[in-house]
1. Restricting attention to region 51-94, which residues are of a type in the set (S, T, N, Q), at pLDDT below 85 and either closer than 21 Å to Ala161 by Cα or part of a loop (DSSP other than H, G, I, E, B) (or both)?
2. Of the residues Leu242, Leu235, only one is surrounded by 20 or more Cβ atoms within 10 Å (Cβ to Cβ), out of contact with any Leu (no Cβ under 8 Å at 6 or more places or on another chain) and under 20 Å from Asn86 (Cβ atoms); which?
3. Would you mind telling me which numbered condition in (1) under 15 Å from the mean Cα position of the chain (by Cα); (2) basic (Lys, Arg); (3) modelled with pLDDT of 90 or more Arg291 fails?
4. May I ask you to list the residues in region 311-334 that are of a type in the set (S, T, N, Q) and not in a strand (DSSP E or B)?
5. Tally the residues that are in contact with a Lys or Arg (Cβ under 8 Å, 6 or more places away or on another chain) and of a type in the set (A, V, I, L, M), restricting the search to region 100-154.
6. Quick one: count up the residues across region 105-130 that are assigned to a helix (DSSP H, G or I) and within 18 Å of Val340 (Cβ to Cβ).
7. Can you pull out every residue in region 264-292 that is crowded, with 21+ Cβ neighbours inside 10 Å and hydrophobic (A, V, I, L, M, F, W, C)?
8. Return yes when Ser163 is farther than 19 Å from Glu103 by Cα and either at pLDDT below 95 or surrounded by fewer than 17 Cβ atoms within 10 Å (Cβ to Cβ) (or both) and no when it is not.
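The values are calculated or read from the model by the stated rules, or taken from the named source; none is laboratory data. Keep in mind that this is a model prediction, so the values were computed, not measured. Cβ atoms come from the backbone with ideal geometry, glycine included; neighbour counts cover every protein chain shown.
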Amino acid sequence: MSSLQASFRPSTPVPSAVKTNPFSDTSLACIPAEGGQRGLSTGSVHAIAPANNASNGLRQWLSDARQLATRPKDLVVNWHITEACNYSCKYCYAEWDRLAARELMHDVSGSSALLAELQAFAESNLLPGQHLRLNIAGGEPLLYADRCTALLQEAESRGLATSIITNGSLLGDEWIKENATRLDVLGISLDSVVSSTADAIGRNDKRGKRVTDWKHLAGLIGTARALNPKIVIKLNTVVNSLNASESLDAALSLIKPEQWKVLQMLPSVTDATALSSDQFQAYLARHHAWRHVMRPEDNESMQGSYLMIDPFGRLFQNKPGGKGYSYSQPMQVAGFAQAVREVDWSPVKFLKRYNLQDAA
């Protein structure tokens, strides 16, 4: 047992820039009021008149938000580029209905079409000083490290902010040196540093390999910070029935993240390792000392509040009250705004979460 463990137990042409308003329903004309403890309060809401001119779209909505001092810096779109992963976490939700034999990221022109659609939407709708941030996720995206680099390069060239979330097991010095300066956020998923807990969750590969040298990982993060002093280091923790009684104090002290997203296990695909709200709240209370970086999300706040793209280019959301996902058409075909209309996504919850959490 380490000292760290011992301290706690086919592509199509790109559509033209979308000018229509996917958020025209009057029920969406609410955003949270300013105030409350950041990341912990659900906040109240102010009513805001929706844009009458559909061509104003999200621009008008966010302009109203700015007047109430609630404007988020980044609007984050999570592209899960692959279902493949070297881990087998029991709670994993990264399982999608297949649309094609190959995932979109392997199609260079199709990937470019998707990124161009995001760029067009951002240029048509966002206010000065705002960015659309592309967050690359999986599965484990660094199974395809070269494609991640290429996608980050293209996203950056299109004016998008960028981030990645990885389990850290494949993160290496050369990849960090090549990509640190183009990353706005580097995210590492960390559920437990207790070997037996990690094994029980499934956070190891087929050979039983997992991240065990957390000081080495902290060193890689230090390299990223040295190369890019503005980079934000974020940890993601899925609290589940297997790690709910543990503490991550030692790991947090070692890595010193700017953000720590603490997620209640969401039973969207499986109920394995689900936990109660009381257990989740007890975990948050145990880590009260980290409240200044903590961004907790329970099941209710997660539902419908993320913009997520599956490995085939479709926006997807959890089916309300059931297992599995609902999907849009591939956005590289239908366009981003049309894809948003086709899924059960809540801009109210989206904006509330990013306002309160500084685009975590």
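1. Matches in region 51-94: Asn52, Asn53, Ser63, Thr70.
2. Criteria check complete, one pass: Leu242.
3. Answer for Arg291: the failing condition is (1).
4. Within region 311-334, Gln332 is the sole residue that qualifies.
5. Qualifying residue count, region 100-154: 7.
6. 13
7. Met265, Phe280
8. So Ser163 fails the test.
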